[in-house]
Each structure stands twice: as C-alpha cells, then as structure tokens.
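What follows is a single structure, written as structure tokens, with notes after it.
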C-alpha cells in the first residue's frame, strides 16, 4: 500500500507555512519568553482563523471533526516556525474533553471545546505522564488538572520556573479549583488524550528538525574555510545526509500514527521524530560553530526547543517501552 497526502492536505500545509512565514514568529517567541504573550496570541488567532485548533474538536462542539492527519500536518508547520504556546497541551485538553463527551459526560466539553476550536481558549493540562508542571499556565485561559480520578479547573498557578527553552514557561497549578468531572472514565480519557498529545509533539519535533536542517544547509553554503564553502567538505555532507535520513524516516511514521492512532504507532512516531529533532540540533550546533551558541541568533529558538520536545509527553525510553508493549 502506498500512502500519499492529498492535494488539499498539501495545500493546507503550504498555506500555513506561508502565513507563519509572514507572521514574524521569531519576535513572538522572544516576547513570549519574556512574559509578553500578546504577539504570540496574535499568531494563535491567525492559526485559529485557518482552522488549526478546530481540527481536534468534534463538529458537535463547533470543530472540524477529529482530523488527526491534518492536525499532524499543522503541528509540523507550527514546529517549523517554532510557534510559542501550549500547542500540544491544547490538543490534549481538546482530546480529553471530547473523549469524556463520547463517554456520556459532555458538560465540560460544551463549556470549553467551542473556545478551544475558535482559538479563544488557550489550554494547558497537568496529569500523570504529562510532567510535573503545566506548560505556559501563566498565558493559558484554562488549566485542566487530573488527579485521583477528578478533573478540575485550576484556580491559578505558582511561580514560573526556568526551562531549557525560555519560551516553554513552566508552573505548578494551585491546588483545588472547580470540579468539572469525577469518575473512573477519566483514566480512559487521559490515555486517549495522551496519545493525541504525543502525536502533536511528534509533529512539532519533525517541524523543528526540518527547520534546523534547512537553516544549517543554508549556513554551510555561506561559511568558508580554506577558500571553499564548508558545505563542500565530505564530512559535512555526511552529517547533513544522516540528519535528512532521520527526518525522512520519521515522516511516514508520523502519518501512519495519525491514520491509526494506535498507542504503539504513536509512541514510535514520537520517539523517532524526537530523536530526529535532537540529532538535527546537535548537527546544527556543531556546523554553526561558536555562533550557534549565541541567543541573538534565531537558530537558538529551534535549538533550545528540540530537547524539551523530545522528552515531553513520554521520554524516548518510555515511548520505546510502549512500542515493545504493542
């Protein structure tokens, strides 16, 4: 069987790429890292107008249906342009609420999903397996916390903690808050939402890897040593080729996971795309030399995103164990 994206899907991805390319995401990322979410929210508004956040929301709640392939494509473009904000967490929140609605509890879905679909509600989450902090809780409109088979709307958050990626602002939600749902069905909903989160994180990682490779290829064509571009050196070509192979190996796994949403396939896509991004970051840093360490260079915005994305929503070891479990 041969799987190809449709012309409509490819056009959608290209339109997002063009829109984000003109949106000035680098400035938005730096502003987000400093605590100013305004420019980043402007980017989110454009993405919402394009239907990105509605892709994970059922039609009954003003979404476009749960279109996993299109969502994965979108996340690749968001990763390519390093869009700031809790993208994966908003996807996870939508998946959790949609699953609860399928299980017969649609109160939280009716309340929050239309806002997520329209881009008016930026969401973050915290539950077992998602890490000890809620990402960008200070900029989120809703922070959903699951513990002891209870779903609560956090009443606030603690101090923002430093992160390897300054644009990933971490905070612990305050305890308590409004109870949205309680029951054993939450375990199933969390598992379902974690799968969607891993798919979105894999898409973002693939986009980060592509951006790093593209910027590195452009750089080695310009930088010269011994009177020749370093991109003409065999060792550099081999390093870039290895990076490209890892990216192209991850791409079909991502789309296969989006088609099936099988936990093992999603975990395989997550670990492969995450390792591709991390490998691309190492290659980019090495081939840029000392200039690659500077925060002023936009390359740093992608370099510092690769490792946290690789480890978020399941470390490589955890994802490999899930693949082996079937």
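In contact (Cβ under 8 Å) with a residue 12 or more places away in the chain, out of contact with any strand residue (DSSP E or B) (no Cβ under 8 Å at 6 or more places or on another chain) and surrounded by 13 or more Cβ atoms within 10 Å (Cβ to Cβ): is that true of residue 182 in this structure? The answer is no for residue 182. For region 58-70, the criterion of a residue being under 18 Å from residue 173 (Cα atoms) and either at pLDDT 95 or above or crowded, with 23+ Cβ neighbours inside 10 Å (or both) is satisfied by no position.
When region 65-95 is filtered for residues that are in contact (Cβ under 8 Å) with a residue 24 or more places away in the chain and assigned to a loop (DSSP other than H, G, I, E, B), the ones remaining, listed by number, are 66, 81, 82, 83, 84, 85, 86.
Out of the residues in region 102-111 meeting the condition of being part of a helix (DSSP H, G or I) and under 19 Å from residue 147 (Cα atoms), tell me which one is nearest to the chain's Cα centre (by Cα). Once the filter is applied, the top-ranked residue is 109.
Tally the residues that are in contact with a helix residue (DSSP H, G or I) (Cβ under 7 Å, 6 or more places away or on another chain), within 25 Å of residue 183 (Cβ to Cβ) and touching a residue at least 60 places away in the same chain (Cβ under 8 Å), restricting the search to region 118-129.
Qualifying residue count for the region: 3.
For region 112-140, the set of residues classified as surrounded by fewer than 24 Cβ atoms within 10 Å (Cβ to Cβ), under 20 Å from residue 55 (Cβ atoms) and more than 18 Å from the chain's Cα centre (by Cα) consists of 112, 114, 115, 118, 120, listed by residue number. Against the definition (touching a strand residue (DSSP E or B) at 6+ places or on another chain (Cβ under 8 Å) and either surrounded by 23 or more Cβ atoms within 10 Å (Cβ to Cβ) or part of a loop (DSSP other than H, G, I, E, B) (or both)), how does residue 98 come out, yes or no? Here the answer is no, as residue 98 does not meet what is asked. Take the residues of region 258-280 that are closer than 17 Å to residue 56 by Cβ and within 17 Å of the chain's Cα centre (by Cα): which is surrounded by the most Cβ atoms within 10 Å (Cβ to Cβ)? For region 258-280, the residue satisfying everything is 270. Of the residues making up region 239-247, at least one is closer than 30 Å to residue 129 by Cβ, under 17 Å from the mean Cα position of the chain (by Cα), buried (at least 16 other Cβ atoms within 10 Å of the Cβ) and at pLDDT 95 or above.
The values are calculated or read from the model by the stated rules, or taken from the named source; none is laboratory data. Only a predicted model underlies this, so the values are computations on that prediction, with no experimental measurement involved. Cβ sites come from the backbone with ideal geometry, for glycine too, and all protein chains shown count toward neighbours.
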